[in-house]
Amino acid sequence: MTWTVYLSGEIHTDWRQQIQQGADALGLAIHFTSAVTNHHASDAAGDLLGAETDPFWRDHKSAKVNGVRTKILIEKCDLAVVRFGDQYRQWNAAFDAGCCAALGKPYISLHDADLIHPLKEVDAAAMAVAETPAEVRFDVVWFHERTKAAGGRNRRVMIVALARKLLVALWRLVTTGVIPEGV
């Protein structure tokens, strides 16, 4: 069974490639999808609908085209990874995380430690939170190994259930110091 993982957010580093290479190296059956990561291509997405002389309308049309694409990719994914960078405000990443939460799609929130407080609500809705692509690879492998035999809706239910178990174990570790079994 092949998973579909949607990679959303920051486009200025190679975090997507790190996750993809890690999954490939482990031989995981994962198909990765992503938002448009090229600024020029993203800004020009609406040009196929006709030229605009006013920059506002060009941006508006491109945002609509990109929005349709993003909505479809999020709806079709089994898991999303949403990366928040530190260079720019990540409105699109926050929007994608909100869409995942609203659709009941499990997602991993990926960001540096200094963004923990500003992203506390985003992280609260996430199935897991990571600071590095290596941690994301660990989470993806963990979910993949435990749900690979399931399909469709059952797989999504299992992903959410496993993520909740992981969060409960993490909470117990943090609050009581009890190390989860099997670690």
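The values are calculated or read from the model by the stated rules, or taken from the named source; none is laboratory data. Keep in mind it's a predicted model, so treat the numbers as computed, not measured. Please note: Cβ atoms are built from the backbone with ideal geometry, for glycine as well, and neighbour counts cover all protein chains shown.
Observations, loosely collected:
- Residue in the range 35-55 that is on the phi > 0 side of the Ramachandran plot, surrounded by fewer than 18 Cβ atoms within 10 Å (Cβ to Cβ), out of contact with any Asp or Glu (no Cβ under 7 Å at 6 or more places or on another chain) and not hydroxyl-bearing (Ser, Thr, Tyr) present: yes
- Filter result (within 14 Å of residue 67 (Cα to Cα) and modelled with pLDDT of 90 or more) within the range 8-35: 8, 9, 34
- Residues in the range 19-47 that are out of contact with any strand residue (DSSP E or B) (no Cβ under 8 Å at 6 or more places or on another chain), of a type in the set (S, T, N, Q) and closer than 17 Å to residue 141 by Cα: 21 only.
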